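For reference, the structure discussed in these notes is given below.
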Amino acid sequence: MEKLTLKDLDLGGKCVLVRVDFNVPLREGDESGRYEVADDTRIRAALPTIEAIREANGKAVLMSHLGRPKGKPDPRFSLAPVADRLGDLLGTMPRFSSETIGNIVEKTIQTMPYGSVILLENTRYFPGETTNDPDFAADLAKLGDVFVNDAFGTAHRAHASNVGVAKHASLAAAGFLLERELVQLGSVLESPHPPTVALLGGAKVSDKMGVITNLTDIADHILIGGAMAYTFLKAKGISVGSSLVEEDRLDDAREILDKAAGKLLLPSDHVVSTAIDKPEERRVLSGSIENDFMGLDIGPETIAQYTEKVLQAGTCVWNGPMGVFEVTAFASGTNAMAHAVAKSTDQGAVTIVGGGDSVAAIKRTGMDSHVTHVSTGGGAMLDFLEGKALPGLVALTDKQ
């Protein structure tokens, strides 16, 4: 780490402004219609940093976004339910501020005892958050003596609460979660244990084109699944029926196929149907796909081939499902990869899973505890593996 981390800061007697990533899914809870947290993974991930501040006798001032309220207050995106769940996990109820900036918040923080925690209302209630407005960033910075960024999930965005605020802070450091993400993902780019396998799925080639290109020089095998596979297959001249294809990316796909020749593997068989909502028409096809059918999952031959590569891996990175895993009829490929990645971990491989769908899939199979690292960032993970500089990291204070 060339940037300051939490361990480099003197936290005692300080107000520590922390950017956390509490952008968690909510669901309707009791009969009053109040929302509650549906998945607390990201809240749990921030606990080590919060607890370290409390134990050092500092005040933890937490800020986060939730959803896309479009720059104005919206009760559907309030962080109040998150404060409730955070209290359950901490064993003590944090204060919750219905305000994000201003005199009321400043006075509340001043009167808080050291060792306590406060969660501010959604930063995206302000349009200046996503535009990195300097005035909004300055108002946020007033709430802390030092700034800690522990939100890897937004590190690829230049927003006021992670980039702008750092410019106004006396010191800006990485929290334990952000540091762990950078160490784990950095090991893939800098010192992977061979052979290195990248398992990439999802809908769009365009989302992962830069990652595939960058990993071509690092990975020994790049296994492609999901709808993005059909853009590559069509680029090779193989009939893909009515499968999802990015027609404007076919030339790009051909370039990647040339560059990654010998490393990039595509599905040899497919689970298909005439529509996602017609699982009763499910069948397995090898090679080309008939006009009326679309590929919705990788087939058994491909599952066997990909499983073999994953089990031989010394390092395995997975981002993106192999098919429409939300539908049971098209979930076999994704579920099989979850088990393969878990078994690879048990055999000694370093395994990293990221991206909302991949994380959801590995949790659904109960294999998440058999993975070296489950990343809290989807887009940030992809940008990092592509070799891009993350604005949220760049903004932190350099070590002297």
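Counting only DSSP beta bridges with both residues in region 266-400, the antiparallel share comes to about 55 percent.
About its Cα centre, what dipole magnitude does region 75-229 give when the only charges are +1 on Lys and Arg Cβ and -1 on Asp and Glu Cβ, stated in debye to the nearest 20?
Working: 11 positive and 17 negative charges, 51 e Å.
Computed about the Cα centre, the dipole is about 240 debye.
Cross-link partners of Lys363 among lysines, defined as those whose alpha carbon lies under 16 angstrom from its own and excluding same-chain residues fewer than eight positions apart: Lys343. Protein heavy-atom surface of region 265-305, 1.4 angstrom probe: 49% of the accessible area is carbon and sulfur, with nucleic acids and ligands not counted. Relative contact order for the chain: 16 percent, from Cα pairs under 8 Å spaced at least 6 residues apart, divided by residue count. Look at the dipole of the chain built from charges on Cβ: of Val310, Ser286, Ile352, the Cα furthest out on the positive end belongs to Ile352.
Taking every protein chain into account, the accessible area of region 1-47 amounts to 51 square angstrom per residue (probe 1.4 Å). Solvent-accessible surface of region 54-205, averaged per residue with a 1.4 angstrom probe and all protein chains in place: 41 square angstrom. In this simple spin-label approximation, Leu285 and Glu326 carry label points 7 Å from Cα along the Cα→Cβ vector, and these lie 2.4 nm apart. Expressed as a whole percent, the accessible surface of region 351-392 that belongs to carbon and sulfur atoms is 50, based on a 1.4 Å probe. Pairwise Cα distances in region 274-366 exceed 16 Å in 55 percent of cases. Checking the table Lys72/Lys208; Lys236/Lys309; Lys208/Lys234; Lys70/Lys208 against a 29 Å threshold on Cα-Cα, which pairs fail? Exceeds cut-off: Lys72/Lys208.
Among the listed pairs Lys167/Lys204; Lys204/Lys278; Lys7/Lys388, those whose Cα-Cα separation exceeds 29 Å are Lys167/Lys204. Among the trypsin sites (Lys or Arg not before Pro) within region 46-113, those in coil by DSSP and having at most 12 neighbouring Cβ atoms inside 10 Å are Lys70. Here the sum of -39500 (n - 2.57) over DSSP H runs of 4 or more residues, divided by the residues of the chain, equals -10500 deg cm²/dmol at 222 nm, to the nearest 500.
Rounded to the nearest 20 debye, the dipole magnitude of the chain is 540 debye, with +1 charges on Lys and Arg beta carbons, -1 on Asp and Glu beta carbons, and the Cα centre as origin. The modelled label-to-label distance for the pair Asp133/Thr372, using points 7 Å beyond Cα in the direction of Cβ, is 4.3 nm. Listed options for Kirkwood radius over Cα pairs in Å are (1) 22.3; (2) 23.8; (3) 24.7. The value calculated from this structure is the one marked (1). Loop-located GluC sites (Glu not before Pro) across region 252-330 with a Cβ neighbour count of 16 or fewer within 10 Å are Glu290, Glu326, with loop assigned by DSSP.
Each peptide among 173-183, 237-247, 213-223 gets the average number of other Cβ atoms lying within 10 Å of its residues, and from highest to lowest they stand as 173-183, 213-223, 237-247. Each Lys and Arg contributes +1 and each Asp and Glu -1, all at the Cβ; summed about the Cα centre of region 79-154, the dipole is approximately 180 debye.
The values are calculated or read from the model by the stated rules, or taken from the named source; none is laboratory data. Keep in mind it's a predicted model, so treat the numbers as computed, not measured. Glycine also receives a Cβ, built like all others from the backbone with ideal geometry; neighbour counts cover every protein chain displayed. SASA here: full protein model, heavy atoms, side chains in, ligands and nucleic acids out. Shrake-Rupley method; radii C 1.70, N 1.55, O 1.52, S 1.80 Å.
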